[in-house]
Structures are given as structure tokens and as C-alpha cells.
1. Are there trypsin sites (Lys or Arg not before Pro) in the stretch 6-112 that DSSP marks as loop and that have at most 12 other Cβ atoms within 10 Å, and which are they?
2. Hey, what number do you get for the chain at 222 nm if only DSSP H runs of n ≥ 4 count, each worth -39500 (n - 2.57), divided across all residues, to the nearest 500?
3. Using a 10 Å cut-off around each Cβ, can you sort 102, 13 from fewest to most neighbouring Cβ atoms?
4. For residue 128, what charge total do you get from the other residues with a beta carbon under 11 Å from its beta carbon, if Lys and Arg give +1 and Asp and Glu give -1?
5. Could you line up 47, 130, 6, 103 from fewest to most neighbouring Cβ atoms inside 10 Å?
6. Please compute the modelled spin-label separation between residue 175 and residue 113, points set 7 Å along Cα→Cβ, answer in nm with one decimal.
7. If you line up the Cα atoms of the chain on their principal axes, what length do they span on each, largest first, in Å?
8. Exposure proxy check: 126, 179 ranked by fewest other beta carbons within 10 Å?
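Here, each number is a calculation from the coordinates, and none is a lab measurement. All of these numbers come straight from a predicted model, not from anything done at the bench. Positions of Cβ are backbone-derived with ideal geometry, glycine not excepted, and every protein chain shown enters the neighbour counts.
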Amino acid sequence: MTSKKIPTSKEVTAATLGLLEERGVSVFDIAEIVYDLQLPYHPDLTIQQCAESVERVLQKREIQHALLVGIELDKLAERGKLSEPLQSIVEQDEGLFGVDETIALGAVLTYGSIAVTTFGYLDKVKVGVIKKLDCKKENEHKVHTFLDDLIASVASSAASRLAHRQRDELESYQESLEKR
């Protein structure tokens, strides 16, 4: 048995970003969601800061692995390659199928309670590209059962990351004032 080389972090990152692009999702699409989530708490926030936060989240292995698995399952369902009854469940995004949310929630746990509660919110309201992925077009045989939840996971994680960074920056600023 020949052992295959474990992909490098750069290869996994490139594969993840490539799959997102293939599925019609950009870093900017996710950054727009993050911006809308965090702007009420961070009035000086820029879309560029949100995009940078999304990019950092997408470098985390847990997030990458969740995206790779979820997108692969969506693609297999599109081609009818899953066994029944899983094929029908995934293809139809059956309401009681919670594995898609479970994988996305597992990935979001890295970023703490803000990310978890934000994920729950995004899973419920489905905004931006998440909504686009969740709504099937009649003439298009695309399956995004996993991807919509995974994008909510990435956006939630990036929003949480920004919230924590904002607090860190505020505390650092306050400490510098106290030293004067």
C-alpha cells in the first residue's frame, strides 16, 4: 500500500478557496454579511477589515476541512452519487436533516459564544449569499445543503473575530492612555 502525501496548508487553503469560487461564493460576499453584522457595534468598520477577517478564518484547518467535506457532499448529491435515502435527504435539504448545521456549528465553535449565537441567527434569517444558496432555482440543479450553513459559519466566525479584536484594540488604547 502506497501512502499519499498529506496536503500542505497552502494546498488545502487553495483547494478551499477554489471550491468556494467554483460554487459562486467570494470572500467579498461573506465580508458583506460580516459588515452588516458588526457595523452597529463598530461604526468605523470597513468592508476591507471584514474581508481580511474572512480570509483569516478561511485559513483555519477546522473551517477548511468542514468546507471541503460539505462542498464535496453537495457535489456528490448534485450528481446523484449518494446512497438512498441520504441522496434524497441531501438533495432536497430535508428540514429535519441537521448534519449540515452540525458540521457548520462544529467549525464555528473555535470562535466562541459570539460566533455560536451569530451562527444561530444567520441560520434563521439567511441573508446575503446565504439566502442565495438556500433558495433553489427551478431550472438549476445545484445542491447547497451544506454550503449555506458553512458560509454562515465562516461569516459568524469572522464577525466574532472582529468583535474580539475590537475589544483588544480598545483595551490596548486605554492602557496606553493610563501610561501617559
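1. 79, 81
2. -22000 deg cm²/dmol
3. So the ranking, lowest neighbour count to highest, is 102, 13.
4. -2
5. 6, 47, 103, 130
6. Roughly 2.3 nm, to one decimal.
7. For the chain, the Cα spread along each principal axis is 68, 44, 24 Å.
8. Going from sparsest to densest Cβ surroundings: 179, 126.
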